[in-house]
Amino acid sequence: SKLEQTEPPTIGLTKLFPDGNFPEGELQEYKDDNSYRTNSEEKRYDERMAMEDPEVTYNNIRRAAEVHRQVRKYARKTIRPGMRMLEIADLIENGVRNLVEENGLESGIGFPTGLSLNHCAAHYSPNSGDTIVLGEKDVLKVDIGVHVKGRICDSAFTLTFDPTYEKLLEAVKAATDTGVREAGIDVRLGELAGYIQETMESYEVEVNGKVLPVKPIENLSGHTIAPYQIHGGKSVLLVKNDDPTKMEEGEYFAIETFGSTGRGKVIEQGEVSHYARKVDAPHVPLRLTSAKALLKSINKNFGTLPWCRRYLERAGESKYLLALNHLVSQGIVQDYPPLCDVRGSMTAQFEHTILLRPTRKEVVSRGDDY
Ligand SMILES: COc1ccc(Cn2nnc3c2[C@](C)(O)CC[C@@H]3OC(=O)NC(C)C)cc1
Ligand SMILES: [Co+2]
């Protein structure tokens, strides 16, 4: 008999997929004709075979994506107004840890569970002691990361419990799907941003009798994803620009768009929860013994993966704030404060991870929900 996932989800996916093959995501043809790619295709074939076998890598991120789909399915039906943000974070993180069969740096949570509310668009996750309760009228961005061998599946959706902002969510979902559809090998990032902006700005939302234009958030972006690095260096902005940088074969992209009824611009605001050790952290001699010990713990538990204060505590750290702030001031750890538009505005997010495979695009995080 076929083993079925429990509810809440607890069964590791290697048990549900005993043959070790995980389902492919949605396949999309590249828009341009592939003719000119055939000869260069041959050249690339040799390069490709020299690299790590892509099928192995694809299978790792497909396993992460299946974990993502099963956890978010349970989250979408369970998250309700009246729940504390800490409760929601635990619900999601317990699900991810169980299904991905968390194992050191081999597999686990890809980055802190984003639960940004209302005018805040990104980089908020509850710290211990957080008393915020989800409200009926809130607009909640759920950004979940799952990794297998450092291959991070980064996908996000927005939840509401009241119809007021339905058009905002529709605008952002459509803009993200435009971004996914228009992405491709040799597509220029500045051009892709223009397509995303065009879709986003074709929507408006009526709030209390007032018609508001949906604005793309100009200083947020999608990004390349590299092994154990959530931001691989390329950014897909959400407003047209003249960045000639091209998307390249073999790259993994988080295509995420953010819409807002406010200024369409976020600033850093509120208590920090998100951190990550810099990939190129300087080797500065640390005078503070507690900072030396904390850095050791960070390297052991997270490497260059993003983490949050709760994950430090779960790893056994306490009274770490002074040492942590020292690591930040020394440029070894980067802090990522919550990114918020103006109070009273509402923001929404939808995000998929796509693989630019040699002959087709794979929307690896696609599900029947979004
Ligand atoms: C420390 O934990 C994290 C978790 C995820 C990310 C991934 N990311 N990298 N940049 C961004 C993101 C988010 C979280 O997707 C939200 C949008 C944000 O865009 C942005 O700032 N763009 C400017 C460079 C123009 C980064 C750190
Ligand atoms: Co994300």
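Every number in this text was worked out from the coordinates using simple rules, so none of it is lab data. Predicted, not measured: the structure shown is a model, and the values here were computed from it. All Cβ positions, even for glycine, are placed from backbone atoms using ideal geometry, and neighbour counts span all protein chains on display.
General observations
- Neighbour net charge for M85 - beta-carbon separation under 13 angstrom, K R +1, D E -1: -2
- Cα gyration tensor, the stretch 176-273 - rounded (a/c under 1.5), prolate or oblate: oblate
- Stretching the chain fully between T10 and E106 yields a gain of 32.7 nm (0.36 nm per residue, less the alpha carbon separation).
- Whole-Å distance, taken between Cα centres, linking the stretch 65-96 and the stretch 109-144: 12
- Cβ-placed point charges (K, R +1; D, E -1), dipole of the chain about Cα centre in debye, nearest 20: 1180
- Positive-end ranking of P8, A171, V205 along the dipole of the chain, with charges on Cβ about the Cα centre, is headed by P8.
- The residues neighbouring G270, those whose beta-carbon lies less than 14 Å from its own, together hold a net charge of -3 under the Lys/Arg +1, Asp/Glu -1 convention.
- Here the alpha carbons of the stretch 312-370 define both size measures, Rg and Dmax, at 19.2, 51 Å.
- Cα pair distances exceeding 29 angstrom across the chain, given as percent: 42
- Build a GNM of the chain with springs between Cα atoms under 10 Å apart, and of R287, R357, R343 the one that fluctuates most is R287.
- Most to least packed among 76-89, 183-196 [average Cβ atoms within 10 Å]: 183-196, 76-89
- Part-to-part distance (alpha-carbon centres) for the stretch 149-191 and the stretch 317-370, which is given in Å: 14
- Note on the stretch 80-228: the alpha carbon radius of gyration divided by the globular reference 2.2 N^0.38 Å gives 1.16.
- Count Lys and Arg as plus one, Asp and Glu as minus one, and take only other residues whose Cβ is under 12 Å from that of D154; the net charge is then -2.
- Sorting D177, D154, D162 from the fewest to the most surrounding beta carbons within 10 angstrom yields D162, D177, D154.
- Ordering of 113-120, 299-306 by packing is 113-120, 299-306, highest average first (other Cβ atoms within 10 Å, averaged per residue).
- Intensity falloff of the stretch 244-370 expressed as log10 I(q)/I(0), Debye formula with alpha-carbon point scatterers, at q = 0.12, 0.13, 0.22 Å⁻¹: -0.69, -0.79, -1.16
- Ellipticity estimate at 222 nm from DSSP helix runs (n ≥ 4, -39,500 (n - 2.57)) divided over the chain, nearest 500: -10000 deg cm²/dmol
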